[in-house]
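Inspection log for the structure reproduced underneath, given as C-alpha cells.
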Amino acid sequence: MRDFVVFSVSVLFLLGLGGLVFKKNLLKKTMAFSVAQSSVVLFFVVLGYRHGSRPPLFTFASEGDLMALPSAQVMATATLILSVAVTAVLLALIVLLHRHYDTVDGEEIRRLL
Amino acid sequence: MVSRRLFFVAAILLFVGLLAAALRSPLVCDLPRDVAVDGHYLAAGQMETQANDLVAAVGFDYRSFDLFALSGLVIASSASVVALLRKGGRRA
Amino acid sequence: MDWQTHLPALIVAFPFLGAVVTPLVSLAGRGARHLWFLLSSCGTTVLALLLWRRVALKGAILYVVGGESWDLALPAGLSLPPRIVLAVDALGALIVVVGALLAFAGTLAYLPSDRGTPEEERSFVVLYLLAMSSALAMVVTSDLFNFALFFGLFSLASTSIVTFGKKKGAAVIAAFDALLFSGVLLLLILFAVALLYGRYNTVNMAALARLLRFGFVEKTVLVLFAAALLARYGALPFTSLFTEFLGEASPAAGCILISGTLVGFYALVRVVFSLYGTILGEGALGWVFVVSGLLSISFGLTFGFRSRRFPLFPGFILLAQTGHVLLGLGVALRSSCHVRAMADYGMVALKGALSLAVVSSLACALLFLATAFIRRWTSSEDLVDVGGLAKVLPKTAVSFFLASWVVAGLPPFIGYVPKLLLHQSLFAFNPLLGAVSIAASIGAAVLLARFFHGLFLGPLRVESLSQKEASLSAVLAMGGLLCLLLFLSFLPSWSLTRWIEPSVSVLLDQAGYVKIVLGGGL
Amino acid sequence: MRKERQVLAIGVLASALIFLGLYQTFWGHLCPGDGLTGGGSVVFALILALPFSGSSFFDRENRWKLLAVAETAGALAFLALAHVDLGSTLFYNALAGQGGLFGQSLPEGGNVGPFFSSGTIALINGALALLVIGAFGRLVTAFFGASSSEKHRREEEGENA
C-alpha cells in the first residue's frame with residue numbers, strides 16, 4: 001500500500017514535469033506545475049502517516065491513540081501556500097501576456113517577440 | 001508530435017522502472033523508523049505549547065520562523081499581482 | 001544578554017518590517033516612501049555589518065527561534081533540535097555582509113529614477129525588501145525546509161519586480177519562464193527535504209550532518225540539491241534563461257538577482273561541505289562541478305562574443321566567473337580526502353573559489369549597473385547603436401573600466417588575487433585544466449575589452465540621452481561598489497586573512513558546524 | 001428570478017464558508033485548521049460572491065483600502081506578537097500557561113480544551129487570518145477587475161470594428 005502511494009507520487013510528479021516540458025499553452029504549463037507541486041504535498045502527507053494513526057489532535061482524543069507525525073503535515077500546508085502564491089503570480093503574468101499578444105501559446109508569443 | 005509523446009511515455013516508463021527498482025532497497029518509508037523529533041512533539045508538545053492541535057503547535061511555535069516565509073509569500077504574491085493587473089496599472 | 005544576541009533573527013525581521021510598513025508610509029507620498037526604503041535597506045546593512053563584527057569577535061553564533069533561551073538548541077533529553085535554529089559562522093557572516101551590501105547598492109540605484117504607476121512603485125519597494133529579507137534568511141537558517149520556503153519567497157519576489165515599469169512583453173515572458181523554472185527547482189529542493197525528513201525525521205542541517213550515512217536516498221538527495229542549487233547559482237546549460245532574465249532587469253532589480261546568485265553559491269557549498277562533507281569521499285561530484293564549470297565558461301564566452309545586445313553582457317561575464325568558481329570547487333572536492341593534496345592545492349583552490357565568488361559578484365554588479373544605466377539613458381540595446389559614450393558618461397565609463405579590470409583578474413586590483421590562487425591550484429591539479437582556465441581568463445579579458453570599446457570608445461552615435469548622468473543615485477550606487485572594490489584592492493592580504501581564510505576553515509570543519517548547533521558534548 | 005435564486009444560494013454558501021473560516025481561525029489551537037487556512041476559506045467566499053456583486057462594488061476605493069488596512073494590520077500584529085518577549089527569543093510563547101490572556105493551563109491528554117489556552121498561538125492565528133484575508137482578497141479583486149476590464153476593452157474594440 002505504501003509502495004503504491006510512493007509510486008503515485010512519482011507518477012504525479014512526472015506527469016507534471018512532462019506537462020511543463022511538452023505543453024505549449026502557458027495555462028496548461030501552470031496547471032502542470034500545480035500537479036507537480038501536489039505530488040510534493042502528497043509525499044509529505046504520506047511521510048507523516050503511520051499505520052492506523054489518528055490526526056495529531058488532543059481534542060476528543062482518547063488514551064493511547066497513535067497519532068500521525070505533525071511536522072510532516074505542517075510542511076504539507078506550507079507547501080500548499082507556496083504553490084498558491086507562485087501559481088497566482090504565474091496566472092497574472094499570463095493575463096498580461098494575453099493583453100499584449102492576444103494568445104496564451106508560448107511558442108506563438110516567442111515568434112511575435 | 002508523435003515522437004514527443006513516445007519520448008514522454010518512454011521517460012515515464014523508465015522512471016517507473018527505476019522507482020520500482022529503488023523500492024526494493026531499504027527506502028524512505030521504512031516503518032517503524034526513528035521518530036525522535038516528532039516523538040518529542042507528540043509527547044511533550046501539548047504541555048509545552050498549551051495547544052491541543054499539535055499541527056498548530058508545531059507550525060506556530062516550534063517551526064514559527066517559517067511564518068516569516070509564509071506571510072512573506074502571501075504579501076509578495078498579492079503585491080505583485082496587484083501591481084501587474086490593477087486598473088491604472090499597465091495599459092496594453 | 002545584550003540586544004545583539006537577536007541579530008540573526010533581526011536581520012530577517014527588520015526588512016520584513018520595512019516591507020510591511022511600506023503601504024502605510026506610502027500614504028505620506030513618494031518622498032516618504034523613498035526615504036523609508038533607504039532607511040530599511042540601510043538599517044539592514046548596518047545590522048549585517050554588526051552581525052559580521054560579532055561573529056568575528058565571538059566566533060560562530062546560534063539563535064534558537066522560539067526557544068526559552070537563545071542558545072538552548074537541545075532541551076533536556078533530546079539529541080535533535082526540535083526548533084528552527086539559526087546558525088551563523090564566518091562564512092555565513094561574510095555572505096550576509098556582501099549580500100546586504102549588494103542589495104543596498106540596488107536600493108541606491110533605485111531611488112529617484114524608477115517611475116511607474118503608483119501601485120507598481122509601492123509594490124516594488126515591498127517586494128525588494130521581501131527579497132532582501134529572504135536572501136539573508138536563506139543564509140542564516142540551518143533548517144532545510146525553512147531554506148526551501150525562503151528560496152520560494154526569493155524567487156517569487158525577485159522575479160516579479162523585473163517586469164515592473166516595462167513596456168515590452170519580452171520582460172513578461174522572461175519572468176514567466178524564470179518563475180516557472182525556479183518553481184521546478186523549488187520542487188526538487190522540497191523533494192530532497194522530504195526524502196531527508198522521511199529518512200532521519202529531522203530537517204536541521206547540522207543534525208543531519210551528524211546522522212548522515214551514505215546510501216541510495218542520500219545520493220538522490222545530493223543529486224536533487226546539486227541540480228537545483230547549481231541552477232540557482234547560474235551554472236549548467238539552463239543559464240541562458242538567467243542571462244536573458246538579468247538582461248531585462250532594471251538596475252535595482254539586477255542587484256538583488258546577483259545577490260541571489262551569491263546566496264545560491266553559499267547554499268551549494270554549505271550542502272556539499274557542511275551537510276555531506278567528508279562522507280562524499282572521492283565521488284563523482286567533483287568531476288560534475290569541473291564539467292559544469294567548463295560548460296559555463298564556454299557558454300558564457302561563446303555567447304558573449306556572438307551577442308551584440310550589451311545588457312546581456314554582465315550575465316555572460318558572471319557566467320564565465322561562475323565557471324571558474326566551480327572549477328575551483330571541483331578541484332577542492334577531488335582533493336578533499338587526501339591530506340597531502342588538500343594541503344598542496346585543495347585549500348588554495350577553495351580559497352580562490354570563495355574569494356572569486358565574492359569579488360566577481362561585486363564586480364559584476366558594478367558592470368551590471370553601468371550597462372543597465374546606459375540602456376536606460378540611451379534607450380538602446382544594441383552595441384551597434386551606441387559608442388563613444390566615454391565623452392558624455394565619464395563616471396560610468398570609469399566604473400565600467402575599473403570593474404572590467406577587476407573581473408579580468410589583472411593587478412593591481414583585487415581581482416588578481418583569487419585568479420592567481422585558482423590558476424595555481426588548477427595547474428597543480430591538472431596542467432591541462434590550468435591551461436584552460438588561464439585561456440578562459442584571457443578570453444574574458446578580451447570580451448571585456450570588446451564591450452568597453454563598443455560602448456565607450458569610437459565616434460558618438462547616440463543623438464540624445466534621455467537623462468543626464470549626474471543622477472545622484474546612479475553615481476552613489478556605482479561609486480559605493482567601486483569604493484568597496486578599491487578598498488579591498490588596497491588591502492588584499494587583509495581581506496584574505498580577515499574575510500576569506502576564516503570562511504574556508506569553517507567550511508572544511510564539518511564537525512565545527514555540527515558543534516555550533518548541537519553543542520560540544522555529543 | 002433565476003438570478004435572485006442564484007444570489008440566495010451563493011449567499012448561503014458564502015456565509016457558511018465565512019463561518020467555517022472564522023471557526024478554523026479562532027479554534028485553530030484546538031481543532032484542525034489554522035489562521036492561514038481559515039483566511040483562505042473567507043477569501044474563497046469572496047471569490048464566490050465577486051461575480052454577483054458587480055464590479056463597481058468591490059473595485060470601489062474604500063473596499064480596496066479596507067483590505068489593504070487588514071493586510072497591514074495583520075502583518076504588524078504578527079510582527080508584534082513575534083517580539084512579545086525579547087527577554088527570551090523571537091517567537092517565544094510567553095503567554096502560554098501564565099494565567100493571563102490566553103494563558104489558561106491545559107489538562108494533559110485527550111480533552112476538549114479551554115478556549116483561552118495556548119498563548120501566542122491563538123493570537124498569531126488571528127493575525128495571520130487577517131493578513132491572508134487582506135492580501136488574497138486584494139489579489140482576487142485585482143484578478144476580477146482585470147477580467148471585467150478585459151471584457152470592457154473587447155466590447156469597445158468590437159464597436160470600433
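Things to note:
- Here D:Ser149, A:Ser62, C:Ser292 are placed in order of increasing Cβ neighbour count within 10 Å, fewest first, which gives A:Ser62, D:Ser149, C:Ser292.
- Of every Cα-Cα pair in chain C, the percent that sits beyond 31 Å: 42 percent
- Against chain D, whose longest principal axis is taken from its Cα atoms, helix D:2-26 shows a tilt of about 20°.
- Paramagnetic label reach from A:Lys24 (point 7 Å along Cα→Cβ; backbone nitrogen cut-off under 13 Å): within segment C:149-193, no residues.
- Relative contact order computed over segment D:35-154 (Cα-Cα under 8 Å; 6+ residues apart), in percent: 37 percent
- In terms of distances greater than 26 angstrom between alpha carbons, the cross-link table entries A:Lys29/D:Lys65; C:Lys351/C:Lys515; A:Lys23/C:Lys219; A:Lys29/C:Lys219; C:Lys166/D:Lys151; A:Lys29/D:Lys151 yield A:Lys29/D:Lys65; A:Lys23/C:Lys219; A:Lys29/C:Lys219.
- Angstrom value of the Kirkwood radius, inverse mean 1/r, which spans all Cα pairs in segment D:116-161: 13.4 Å
- For segment C:281-490, the residue among C:Leu333, C:Phe429, C:Ile297 whose Cα projects farthest onto the positive side of the dipole built from Cβ charges is C:Ile297.
- Which of C:Ser259, C:Gly116, C:Phe413, positive extreme of dipole for chain C (C-beta unit charges): C:Phe413
- Using every pair of distinct Cα positions in segment C:92-160, the Kirkwood expression returns a hydrodynamic radius of 12.8 angstrom.
- Residue mean of other protein chain beta carbons inside 10 Å, C:123-134: 4
- In units of the compact-protein estimate 2.2 N^0.38 Å, segment C:281-490 shows a Cα radius of gyration of 1.09.
- Restricted to Cα atoms, segment D:2-160 shows a radius of gyration and a Dmax of 20.0, 73 angstrom.
- Normalised by the number of residues in chain C, the mean separation of alpha-carbon contacts (under 8 Å, six or more apart) gives a relative contact order of 16 percent.
- Screening chain C for whole DSSP H helices of 15 Å or more along their axis (Cα) with average Kyte-Doolittle hydropathy at least 1.6 returns C:7-26, C:90-110, C:170-200, C:251-269, C:431-456, C:472-490.
- Note on B:Glu48, C:Glu68: ascending count of other Cβ atoms within 10 Å places them as C:Glu68, B:Glu48, the fewest first.
- By the count of neighbouring beta-carbon atoms within 10 Å, fewest first, C:Cys364, D:Cys31, C:Cys42 end up ordered C:Cys42, D:Cys31, C:Cys364.
- Per residue, the convex hull volume that the Cα atoms of the protein assembly as shown enclose (Å³): 177 Å³
- Span from the segment C:310-341 Cα centroid across to the segment C:23-40 one, whole angstrom: 41 Å
- Per-residue average of Cβ from other chains inside 10 Å of A:46-53: 3
- Relative to the dominant Cα principal axis of chain D, helix D:61-82 is inclined by about 20°.
Bear in mind that the values in this text are calculations on the coordinates, not laboratory data. Every value quoted in this text rests on a predicted model; they were computed, and no experiment measured them. Methodologically, a virtual Cβ is constructed for each residue, glycine included, from the backbone with ideal geometry; neighbour enumeration extends over all protein chains shown.
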